[in-house]
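These notes are about the structure you will find just below.
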Amino acid sequence: MVATQPRVGVLALQGDVREHARVLSALGAEVALVKRAEQLAAVDGLVLPGGESSVIDKLARAFGLQQPIRAVIAGGTPVYGTCAGLILLADRIDDAIAGQESFGGLDVTVQRNAFGSQVDSFETDLEVDGFDTPTHATFIRAPRVVAVGPAARAIATLGNGEVVAVAQGNLLGTAFHPEVTGETRFHELFLERVRSA
Ligand code: GLN
């Protein structure tokens, strides 16, 4: 039997976990804050929050979550990553700190902190493939996608052509943070995939 209320996890090692949980709950999902590998078996979708990708990576490996999350991604479970979460989904990180790894899955190369430091954070309106109206996007020490491989597809770019949102099969990544601006369409898209997966 298919549950009507999708059960999704938010990786809860570091970052803006609560913001994602709030949006997902408001959209009718049952949300688990994932801190241990066993919890992954009980969710049908996973969100990787914004935060600090190198810290989330380190904690994920320390808690034995890296391989289980890689298996979730490879198994076709819908996964949505924002900012640090996008970096964690990227197959290649241009400027990773020493020893930093990603979960991978998205055929892209990202560059961390591509727009400068916290003070260089900015907001802008963006057209997104499949959306009727632009999204108001908030960039906080955001990465940019410097290369999109053949398996992935850019779904939003800045005015200068820089790619800031990508989709590939079950995976979705945005360099910005819809979870902090009241934009729900990316989470809706994610939950639609969870429901039909
Ligand atoms: N700069 C952070 C990183 O490298 C990402 C920032 C964010 O998630 N807002 O992980």
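Trypsin sites (Lys or Arg not before Pro) within segment 1-80: which are DSSP loop residues with at most 16 other Cβ atoms inside 10 Å? Numbers along the way, then the final one.
Numbers: sites: ARG7, ARG18, ARG22, LYS35, ARG36, LYS58, ARG61, ARG70; in loops: LYS35, ARG36.
Filter output for segment 1-80: LYS35, ARG36.
What are the semi-axes of the equivalent ellipsoid for the chain, taken as the square roots of 5 times the Cα gyration tensor eigenvalues, largest first, in whole Å? Before the final figure, lay out each step's value.
On the way: eigenvalues 106, 79, 47 Å².
Three semi-axes, in Å: 23, 20, 15.
About the Cα centre of the chain, how large is the charge dipole given +1 on each Lys and Arg Cβ and -1 on each Asp and Glu Cβ? Please answer in debye to the nearest 20.
Here the chain has a charge dipole of around 640 debye.
Kindly list the residues of segment 168-197 that lie in the label zone of PHE131, defined by a backbone N under 12 Å from the point 7 Å along the Cα-to-C-beta vector.
Under cut-off, by backbone N: 174-189.
I want to verify the translational diffusion coefficient of segment 27-75 in µm²/s; compute it with Stokes-Einstein, Rh as the Kirkwood radius over Cα pairs, at 37 °C and 0.692 mPa s.
282 µm²/s
Rank the residues SER54, SER102, SER121, SER196 as a footprinting-exposure proxy: fewest other Cβ atoms within 10 Å of their Cβ go first.
So the residues, fewest neighbours to most, are SER196, SER121, SER54, SER102.
In what sequence do VAL148, VAL164, VAL8 fall when counting other Cβ within 10 Å, fewest first?
VAL148, VAL164, VAL8
For segment 90-174, build the charge dipole from Cβ charges (+1 Lys, Arg; -1 Asp, Glu) around the Cα centre, then report which of ALA152, GLY105, VAL166 sits farthest towards its positive end.
Looking along the dipole axis, the top candidate is GLY105.
Run the numbers on the chain and let me know its relative contact order in percent, using alpha-carbon pairs under 8 Å that are six or more apart.
So the answer I get is 19 percent.
If packing is taken as the average count of other Cβ atoms within 10 Å, what order do 177-186, 80-89 fall into, highest mean first?
Values: 177-186: 18.9, 80-89: 29.9.
Taking the mean over residues of other Cβ atoms within 10 Å, the ranking is 80-89, 177-186.
Return the whole-Å distance between the Cα centroid of segment 158-195 and the Cα centroid of segment 68-97.
Segment 158-195 and segment 68-97 have Cα centres spaced 13 Å from each other.
To the nearest 20 debye, what is the magnitude of the charge dipole of segment 120-187 about its Cα centre, counting +1 on the Cβ of each Lys and Arg and -1 on the Cβ of each Asp and Glu?
Around 280 debye, computed over segment 120-187.
Could you identify which residue out of GLN111, GLN66, GLN100 has the top mean-square fluctuation in a GNM of the chain using Cα springs shorter than 10 Å?
GLN100
Taking only the alpha-carbon atoms of segment 52-123, what semi-axes of the equivalent ellipsoid follow from 5 times the gyration tensor eigenvalues under a square root, in whole Å, largest first? Intermediate values should be presented prior to the final figure.
On the way: eigenvalues 95, 39, 24 Å².
Value: 22, 14, 11 Å, ordered largest first.
Over segment 45-104, what is the relative contact order in percent, taking alpha-carbon pairs closer than 8 angstrom and at least six residues apart?
Reported relative contact order: 46 percent.
Place a +1 charge on the Cβ of each Lys and Arg in segment 1-50 and a -1 charge on the Cβ of each Asp and Glu, then give the dipole magnitude about the Cα centre in debye, rounded to the nearest 20.
Using Cβ point charges on Lys, Arg, Asp and Glu, segment 1-50 gives about 100 debye.
Any read-out appearing in this document is the output of simple, stated calculations on the displayed coordinates, not a laboratory observation. Predicted, not measured: the structure shown is a model, and the values here were computed from it. Note that each Cβ is placed from the backbone with ideal geometry, even for glycine, and that neighbours are counted across all protein chains shown.
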